[in-house]
Amino acid sequence: MSKFVLRETALDLLTRIGEQGGFSHVLIDRAMKQEELTERDGALLTEIVYGTLQHRNLLAYYVDDRLKGKKKLRPWVKWLLYMSVYQMQFLNKVPDHAIIHEAVEIAKKRGHKGIASLVNGVLRNIQREGVPDTKKIEDPIRRLAIETSHPEWLVASWVDMYGLETTSDMCHTNLTHKTVSVRVQPMKADRREVMEQLMNEGFEVSPSMLSGQGILIHKGNILKHDLFHNGSLTIQDQSSMLVGEMMDVNPGMTVLDACSAPGGKTTHIAEKMQNEGNVIAYDLHAKKAKLVAEKAKQLDLSIITAGQADSRALGDKHKPESFDRILLDAPCSGLGVLRSKPDIKYHKQEKDILVLSSIQDELMESMAPLLKKDGKLVYSTCKVDARENEQVIERFLTNHPEYIIDPAFRNDLPEELKEAPGLSDYGLQLFPQHYDTDGFFLTRLLKQS
């Protein structure tokens, strides 16, 4: 594919994602398959789209400084400028003059001479004079929000909860690439042997500190490896692996995964149970529940039964005290996974958090009677926000004195996490800057007899 066509494809994706929403990783993957891109072209397309989305607010700050007094731009023109400035400021593989030339040619093809002239003028100005300094922004919260392209309300909220230093570290980490991590299916492969095999094939790998089944991939394209095709490996973030490790399951148990799609945690639980017992998995959407069943089949796990249900009404399906263990990986705003899905931060509002925390309360209430006495419930979210995490647990414990934070929770954490900065009386908050994970919260409750 020519670089011109590749950048046109990137522009189409950015305009659609930026203006209409949609999951960036899904749309990029679809475009790569439709265009039959080589691995190298696919990497460049992904870099341009993800990078532009990741830095959108900062790029807008740069571009707006050159557009003073200009009329409002059409969406595709705006995104053409953003993606061009991103390449000029953050990538060094293509010279500025080539980036500007292709941007102007795209503007000519899609617009008219006036638009092409505007695009050329803005980009030439930035090439000659550079970009404006964000240090002149006096408000530290607004400055951090623009420099790291996070919504200002979100930065203010995090500063209120965790302070400016932690928030700054988190926001800057959210702009970096996260190390790919995979989980070994222990009934099919041994972690040490898999790591040796990968290193002999030129991969750079290391063991995860958070799971005995986890491997970090520092170099090499693991997604196309045969170990995926035979079910020996599956992709999973370290923080999600920690959930399975903290479920404290044994073979023969009956376990509920109340919000299970796409099935990474569900299958990990079944592996920890050595594929003996029962794992009942639900999701609100039938298509997503099907994904869980497909993942179980891929990993040759036969104890998982996946189905569609609103988990707030599981009392209609199951008798009280039916389960030895329950996992509630609660639906949340997803603002802990911004390194992988940067577009999320532009489509969420503060009111979304309040709505979701109410749903999380309802889900916890529905779980309460389903757990056996002396059973354990793990609550987790891919989020860094006390309103969806600690405060949900605090309210639940107030309303249910039969439940307590499991006294063994801290002792069962991996050694590296026993003094983690995010430990509190209500659980563990993982920040992305500390352990190269997603932003993630989890805790474990015990139902007293």
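For this structure, a couple of remarks:
- Dipole of the stretch 16-138, positive end: most advanced residue of I48, N92, Y82 [Cβ charges, Cα centre]: Y82
- Of all DSSP beta bridges in the chain, antiparallel share, percent nearest 5: 60 percent
- Our note on the geometry: Cα centres of the stretch 382-418 and the stretch 353-373, 14 Å apart.
- Subtracting the Cα-Cα distance of E362 and R142 from 0.36 nm times their residue separation leaves 75.7 nm of extension gain.
- Where Rh is the Kirkwood radius over Cα pairs, Rg/Rh for the stretch 1-144: 0.96
- Long-range Cα-Cα pairs in the chain (distance over 28 Å), rounded percent: 55 percent
- Using a Förster distance of 22 Å, the FRET efficiency for K68-K113 (Cβ separation, nearest 0.05): 0.50
- Local electrostatic count, Q238, Cβ distance below 13 Å [Lys/Arg +1, Asp/Glu -1]: -1
- Equivalent ellipsoid semi-axes, the stretch 88-138, via Cα gyration tensor eigenvalues times 5, rooted, Å: 23, 15, 8
- Longest site-free stretch - the chain; sites: trypsin sites (Lys or Arg not before Pro), DSSP loop, at most 10 other Cβ within 10 Å: 94-449
- When the Cα convex hull of the stretch 211-274 is projected onto planes of every orientation, the mean area is 4.9 nm².
- Couplings 3J(HN,Hα) for the stretch 12-19, derived from phi with the Karplus relation 6.51 cos²θ - 1.76 cosθ + 1.60 (θ = phi - 60°), are 4, 5, 5, 5, 5, 5, x, 9 Hz, where x marks Gly and Pro.
- Ligands, DNA and RNA are left out, and with a 1.4 angstrom probe the accessible area of the chain is 45 Å² per residue.
- For D257, nonlocal amide neighbours, meaning residues 5 or more places apart or on other chains whose placed amide H falls under 5 Å from its own, are I280, A281, Y282, L327.
- Using a Förster distance of 45 Å, the FRET efficiency for K418-K135 (Cβ separation, nearest 0.05): 0.70
- Contour minus Cα-Cα distance for F228 and D374 (0.36 nm per residue): 48.8 nm
- Charge sum, other residues only, whose C-beta stays under 12 Å from M364's C-beta, Lys/Arg counted +1 and Asp/Glu -1: -3
- Just so you know, the Rg over Rh for the stretch 228-379 is 0.96, from Cα atoms, with Rh as the Kirkwood radius.
- Contact order relative to length of the stretch 93-166, as percent, for alpha carbon pairs under 8 angstrom and 6 or more apart: 16 percent
- Prolate/oblate/rounded label for the stretch 25-107 (Cα gyration tensor, a/c 1.5): prolate
- Applying 0.36 nm per residue to the separation of E36 and M161 and subtracting their alpha-carbon distance, the gain on full extension is 40.4 nm.
- Gap separating the Cα centres of the stretch 116-182 and the stretch 251-275, nearest whole Å: 39 Å
- Per atom type, the chain shows carbon and sulfur on 49% of its accessible surface, probed at 1.4 Å.
- Whole-Å distance, taken between Cα centres, linking the stretch 198-242 and the stretch 20-56: 23 Å
- For the stretch 278-289, 3J(HN,Hα) per residue [Karplus equation, 6.51 cos²θ - 1.76 cosθ + 1.60, θ = phi - 60°, Hz, x = Gly/Pro]: 9, 10, 9, 10, 10, 9, 5, 10, 4, 4, 6, 4
- Sites N125 and H172 - FRET efficiency at Förster radius 25 Å, r taken between beta-carbons, to 0.05: 0.35
- Anisotropy class of the stretch 294-390 from Cα gyration tensor, a/c 1.5 cut: oblate
- Set K317/K345; K33/K93; K135/K383; K317/K376 screened for pairs whose C-alpha atoms are more than 27 Å apart: K317/K345; K135/K383
- Structure-based [θ]222 nm, the chain - -39500 (n - 2.57) summed over DSSP H runs of at least 4, per residue, nearest 500: -14500 deg cm²/dmol
- A simple rule links phi to the HN-Hα coupling: the Karplus curve 6.51 cos²θ - 1.76 cosθ + 1.60 with θ = phi - 60°, which for the stretch 238-244 gives 4, 4, 5, 4, 4, 4, x Hz, with x for Gly and Pro.
- Mean Cα-pair separation over length for the chain, i.e. relative contact order, pairs under 8 Å, 6 or more apart, %: 12 percent
The values are calculated or read from the model by the stated rules, or taken from the named source; none is laboratory data. Computed from a predicted model, the values in this text were never measured in an experiment. Glycine also receives a Cβ, built like all others from the backbone with ideal geometry; neighbour counts cover every protein chain displayed. Each accessible area value is taken on the protein alone, full model and side chains, heavy atoms only, with ligands, DNA and RNA left out. Shrake-Rupley method; radii C 1.70, N 1.55, O 1.52, S 1.80 Å.
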